[in-house]
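All remarks here apply to the structure that follows.
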Amino acid sequence: MTGKVYLVGAGPGDPELLTMKAHRLITSADVVLYDRLVGAEIIALIPEAAEKMYVGKAKSMHSLPQEEINSLLAVKAKEGKMVVRLKGGDPFIFGRGGEELEELVQESVPFEVVPGITAAAGCAAYAGIPLTHRDYAQSVRFLTGHLKDGSTELPWDELVHPAQTLVIYMGLTGLEEISQSLIRFGMVPSMPVAVVEKGTTSEQRVFTSTIRDILAVTKKNDVKSPALLIIGDVVTLQNKLEWHGKY
Ligand code: SAH
């Protein structure tokens, strides 16, 4: 009998941010395929007897191409296994979850999707930056700073509208281009920006600056991936609402 694939969001890092459903599935899986962004404390929940497979995408490390991950999920499920495909954050937000499911549909493998706390929500909460606020931002946009061909081509003219918050995933490498383009398209150079490194983990670091100076700040502090950019007037609240590691 065919097993099932569970596409599970592991949240941004803090294991207590797992959903109860994610926890139940991780602790009872036969096979777990996980990414680089899934933290060690969550990996430790996988049962001894389960088959653990790292399929991450760290640039320098050896890892499986996306097509092979897709077909591996189907193969393992067809062996009758309960397969958990564990992804950082939420599987449907910059997580290629859709691509993996398309293959399962094609192979007639049953699946379920378990949402997770996406980095935007987790990092904002743990940094003390509300993504919307009646006085500052009526909308929030999640963007990726890294496109398929390696370029950063975003709808800049829309991104400089007032009263919105921009959350940029994978924005560290393209930060120079991102900040320059936003200013070129009319964003005030003093627009507040936060960068959250390893958000929600015990190693979280938060730096605030302006769109003009944020690149220098990340360089000076040697900010590393995973890091999330939050751009907008809501960032000014961080000063007042910061709580993580404080109380
Ligand atoms: N599916 C994931 C995103 C995967 S893309 C989600 O919903 O969160 C990977 C990017 O997410 C990273 O480059 C970084 O920008 C962001 N990210 C993920 N976890 C993070 C964390 N703990 N702290 C800061 N940024 C994080």
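None of the figures in this text is laboratory data; all of them are computed from the coordinates on show. None of the values given here were measured: they were computed from a predicted structure. Heads up, the Cβs are rebuilt from the backbone with ideal geometry, glycines too, and the neighbour counts pull from every protein chain shown.
Against the chain, whose longest principal axis is taken from its Cα atoms, helix 175-184 shows a tilt of about 40°. Taking trypsin sites (Lys or Arg not before Pro) across the stretch 1-110, the ones in a DSSP loop with at most 10 further Cβ atoms lying within 10 angstrom of their Cβ are K59. On the basis of the beta-carbon distance and an R0 of 25 Å, M20 and Y54 show a calculated FRET efficiency of 0.50.
Kindly identify the stretch 119-241 as rounded, prolate or oblate by the Cα gyration tensor criterion: order the square roots of the eigenvalues as a ≥ b ≥ c, call it rounded if a/c is under 1.5, otherwise compare a/b with b/c, prolate if a/b is larger, else oblate.
Rounded shape, in that the Cα axes give a/c under 1.5.
Of all beta bridges that DSSP places with both ends in the chain, some 40 percent have antiparallel geometry. Taking Cα centre as origin and charging only the Cβ of basic (Lys, Arg, +1) and acidic (Asp, Glu, -1) residues, the dipole magnitude of the chain rounds to 460 debye. Distances between every pair of Cα atoms in the stretch 4-114, grouped in 5 Å steps from 0 to the bin holding the largest one, split as 2, 13, 26, 27, 21, 9, 2 percent. For GluC sites (Glu not before Pro), the sites in the stretch 185-247 that DSSP calls loop and that have at most 12 other Cβ atoms within 10 Å are E203.
Among 227-240, 130-143, sorting by the average number of other beta carbon atoms lying within 10 angstrom of each residue, highest first, gives 227-240, 130-143. Spin-label pair S139-N239: with each label point 7 Å from Cα along the Cα-Cβ axis, the two points sit 2.9 nm from one another. Computed from backbone phi, the HN-Hα couplings of the stretch 234-246 come to 4, 4, 5, 6, 4, 3, 7, 9, 4, 9, 5, x, 10 Hz, rounded to whole numbers (Karplus: 6.51 cos²θ - 1.76 cosθ + 1.60, θ = phi - 60°; Gly and Pro given as x). Does a label point 7 Å from the Cα of T173, set along Cα-to-beta-carbon, have any residues of the stretch 72-107 with amide nitrogen under 17 Å, and which are they? Answer for the stretch 72-107: 94-96. Projecting the Cα positions of P192, L45, Y169 onto the charge dipole of the chain (unit charges on Cβ atoms of Lys, Arg, Asp and Glu, taken about the Cα centre) puts P192 furthest along the positive direction.
If the only charges are +1 at each Lys and Arg Cβ and -1 at each Asp and Glu Cβ, what is the size of the charge dipole of the stretch 86-217 around the Cα centre, to the nearest 20 debye?
On the way: 9 positive and 17 negative charges, 121 e Å.
Computed about the Cα centre, the dipole is about 580 debye.
Among Y126, Y247, the order by Cβ neighbours within 10 angstrom, fewest to most, reads Y247, Y126. Projecting the Cα atoms of G145, S179, T208 onto the charge dipole of the stretch 119-241 (Cβ charges, centred on the Cα centre) puts T208 farthest toward the positive pole. Largest GNM mean-square fluctuation across P162, P192, P226, computed for the chain with C-alpha springs under 10 Å, falls on P162. The GluC sites (Glu not before Pro) of the stretch 92-194 that meet both conditions, a loop assignment by DSSP and at most 13 other Cβ atoms within 10 Å of the site Cβ, are E153.
Could you tell me whether the chain comes out rounded, prolate or oblate from its Cα gyration tensor? Rule is a ≥ b ≥ c as square roots of the eigenvalues, rounded for a/c under 1.5, then prolate if a/b exceeds b/c, otherwise oblate. Taking the square roots of the gyration eigenvalues as a ≥ b ≥ c, the chain is prolate. Could you calculate the FRET efficiency of T2 with E158 from 1/(1 + (r/R0)^6), where r is the beta carbon distance between them and R0 is 45 Å, rounded to 0.05? That pair, T2 with E158, gives E of 0.50.
For the chain, relative contact order (Cα pairs under 8 Å, six or more residues apart, normalised by length) works out to 21 percent.
Farthest toward the positive end of the dipole of the chain, out of G88, S108, Q66, is the Cα of G88, where the dipole comes from beta carbon charges about the Cα centre.
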